[in-house]
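Data first, discussion second: the structure below is written as structure tokens.
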Amino acid sequence: MQTGESPGRARMLRASSTARRVTVRRAVMWTILLAGALGPGTAAAHGGQPQVLRIEFPAQLPGAVWALTDNQGLYARRSDGVVEWLCEDAVAPGAGIRSIGVLGAAGERWLLSTEEGTFFTFDNGCGYHPAPPPLTGQSVRAVSVHPTRPHEAVVATDAFDLENDLFRTTDGGWSWQAAGEGARGRFRQLLRSPADPERLWAVADVGALTSADGGRTWTPLALPAEARSPADFTLLGGSPADGQVLFASVEQFPETLVLRSEDAGARWARVTAVPDFPLTFVMDQAGRRALLLAPFEGLRRSADGGRTWAAEPTPIERLGCLTRQPDSDRLWGCTQVFFGGPWVLGRSDDFGRTWRGVFERYEDVERWSCPGASRGEGCC
């Protein structure tokens, strides 16, 4: 209780907070139930049986853990453990949030890629505006913000009706410079090295590219001999300890080859094969321990920097979204709670051997904090 605050007022505030949380839980649950009952595409807003697609850690928001879902928008876990829900309809009806880049030192300005276009918010997700040219109307596949220069970012686009490219900003998204790689077609991936933020890689319909200067310039990157086409080739991740070490996979039915490079992708060595796809990869800060997760084949573990791998049982049913928390060896993951998974979000402090749920159900949330007249408040 604050100094000078009466006990009666404190009780009213606690009651108001409880009522608010119950209201939002009911809204989320009714959204899930209604969508499930009516079937795909028939709910007025959002979707049924959401699934976390990606876990992110905005550098400007210490302690925040963001979970982007396939049909319900953003679930943001604050440093105090409270989870807030920002529904996708706050951006645009049925927007389908694909990725978010948090720009600026204060973290209040975001670039959002959605199925309905690309938008900016300048007030922590409460109001939205179309992105400025040349991103107006574009379909942004991925956003990569520089970890120590928050006004700098690179995006890759994958539109069907516009020329695609790699775009870079150094002023927080007010202006963008194209790389001039439109002939590459639609971009599929954009990856920044966790050890060297100046090093980036991109994979497109026509070949792959790499940059050693933060995305200012790009050079062609030859695909490994095992890849018949760029469609077979997927970047898995880089070593947090060495900007030259990179992992990738090549799908060759009936197995997926895992490749390792020690020269930023110039040459590759095959390190293992998994009869499953797609694969998720994480590596510890020291660049020694690593995990590969496959949907049906489960886990592979390495203790020598990804040179050799051994299979082990997956400790949690329906585990996915493996992500390492920056500046830590703590792992985060998601499970499919509607198909047997025990929780929405969980974490591991022993590099994936045991897990603890920290966000159990999608309805265990509070409403996104916005002024009453904003879209973030009115739509969610």
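The values are calculated or read from the model by the stated rules, or taken from the named source; none is laboratory data. Just so it is clear, the model here is predicted, and its values are computed rather than measured. All Cβ positions, glycine included, derive from the backbone under ideal geometry; neighbour counts span all protein chains shown.
Of all residues in the range 211-222, those that are closer than 14 Å to F187 by Cβ have Cβ atoms under 7 Å from Cβ atoms of residues that are of a type outside the set (A, V, I, L, M) and surrounded by fewer than 16 Cβ atoms within 10 Å (Cβ to Cβ), 6 or more apart or on another chain, in S211/T217. Restricted to the range 226-241, and to residues there that are closer than 17 Å to A264 by Cβ, touching a residue at least 24 places away in the same chain (Cβ under 8 Å) and out of contact with any Leu (no Cβ under 6 Å at 6 or more places or on another chain), the residue that is surrounded by the most Cβ atoms within 10 Å (Cβ to Cβ) is S239. Among the residues in the range 97-108, are any of a type outside the set (D, E), closer than 20 Å to G376 by Cβ, in contact (Cβ under 8 Å) with a residue 12 or more places away in the chain and in contact with a Phe, Trp or Tyr (Cβ under 6 Å, 6 or more places away or on another chain)? The answer is yes, given that some residue of the range 97-108 is of a type outside the set (D, E), closer than 20 Å to G376 by Cβ, in contact (Cβ under 8 Å) with a residue 12 or more places away in the chain and in contact with a Phe, Trp or Tyr (Cβ under 6 Å, 6 or more places away or on another chain). Within the span defined as the range 204-220, one or more residues are of a type outside the set (S, T, N, Q), surrounded by fewer than 17 Cβ atoms within 10 Å (Cβ to Cβ), modelled with pLDDT of 95 or more and assigned to a strand (DSSP E or B). Filtered by the rule that a residue be at positive phi and surrounded by fewer than 20 Cβ atoms within 10 Å (Cβ to Cβ), the range 348-371 gives a lone residue, F351.
Of the numbered criteria (1) in contact (Cβ under 8 Å) with a residue 40 or more places away in the chain; (2) of a type outside the set (A, V, I, L, M); (3) touching a Leu at 6+ places or on another chain (Cβ under 8 Å); (4) surrounded by fewer than 16 Cβ atoms within 10 Å (Cβ to Cβ), the one T148 fails is (3).
Selection of the range 153-188 for residues being assigned to a loop (DSSP other than H, G, I, E, B) and among the hydrophobic types (A, V, I, L, M, F, W, C) yields A159, F160, L162, W174, W176, A179. Looking only at residues of the range 178-191 that are modelled with pLDDT of 95 or more and loosely packed, with under 15 Cβ neighbours inside 10 Å, we find that the one that is nearest to the chain's Cα centre (by Cα) is A178. Looking at this structure, is E56 in contact (Cβ under 8 Å) with a residue 24 or more places away in the chain, under 16 Å from R324 (Cα atoms) and acidic (D, E)? Here the answer is yes, as E56 does meet what is asked. Within the range 250-284, the set of residues being under 19 Å from the mean Cα position of the chain (by Cα) and not hydrophobic (A, V, I, L, M, F, W, C) comprises P278, T280, D284. Across the range 275-301, the qualifying residues are those that are among the aromatic types (F, W, Y) and part of a loop (DSSP other than H, G, I, E, B), and the one among them that is surrounded by the fewest Cβ atoms within 10 Å (Cβ to Cβ) is F296.
Go through (1) within 20 Å of Q189 (Cβ to Cβ); (2) touching a residue at least 24 places away in the same chain (Cβ under 8 Å); (3) surrounded by fewer than 16 Cβ atoms within 10 Å (Cβ to Cβ); (4) of a type outside the set (A, V, I, L, M, F, W, C) one by one and return the number of the condition D263 breaks. So the condition that D263 fails would be (2). Summed over the range 302-322, residues that are touching a Phe, Trp or Tyr at 6+ places or on another chain (Cβ under 9 Å), of a type outside the set (A, V, I, L, M, F, W, C) and buried (at least 20 other Cβ atoms within 10 Å of the Cβ) total 2. Scanning the range 306-345 for residues that are under 18 Å from A273 (Cβ atoms) and assigned to a loop (DSSP other than H, G, I, E, B) yields a count of 4.
Filtering G137, G125 for residues that are at pLDDT below 95, crowded, with 16+ Cβ neighbours inside 10 Å and of a type in the set (G, A, S) leaves a single hit, G125. State whether one or more residues within the range 75-84 are surrounded by 23 or more Cβ atoms within 10 Å (Cβ to Cβ), in contact (Cβ under 8 Å) with a residue 24 or more places away in the chain and under 22 Å from A131 (Cα atoms). For the range 75-84, residues surrounded by 23 or more Cβ atoms within 10 Å (Cβ to Cβ), in contact (Cβ under 8 Å) with a residue 24 or more places away in the chain and under 22 Å from A131 (Cα atoms): absent. Only residues that are β-branched (V, I, T) and under 17 Å from L257 (Cα atoms) were counted in the range 291-332, giving 1.
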